[in-house]
Amino acid sequence: MDGSRTSLNAASGPAPDFRGNEGSLVSALKTLLFFTFLMVTLPIGLYFASKAYVFEGSMKMSSSDSYFYAAIVAVLAVHVVLALFVYVAWNEGSPKGKGKHD
């Protein structure tokens, strides 16, 4: 009985070390939280700012027209944030020196 325990422990080897992956997990979480914050605040902020200051303030548009154009600005902001997120997520795992091949 005692001999089987030692053979199992020897066969399994040392426990895997997952601490090296912890840094990339924290980095991915920070990236996700940053873009989540950006996705919530940027389109809403741009909607109200462009409606009040650009379309109604500078261009003297009616309220119904400014709603429409401000919504277009907000939708464009969503697409820009999504494109930036995809770009950052795509390049996050790639090595820093792209020209160097080890």
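Summary of values
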| read-out | value |
| --- | --- |
| Difference of contour (0.36 nm per residue) and Cα-Cα distance, ALA52 to LEU82 | 8.3 nm |
| Segment 32-96: trypsin sites (Lys or Arg not before Pro) in DSSP loop, at most 12 other beta carbons within 10 Å | LYS60, LYS96 |
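Readers should treat all values here as calculations from the given coordinates under stated rules, not as data from a laboratory. In this text the structure is predicted, and so the values were computed from the model without any measurement. Don't worry about glycine lacking a Cβ; one is built from the backbone with ideal geometry, like all the others, and counts go over all protein chains shown.
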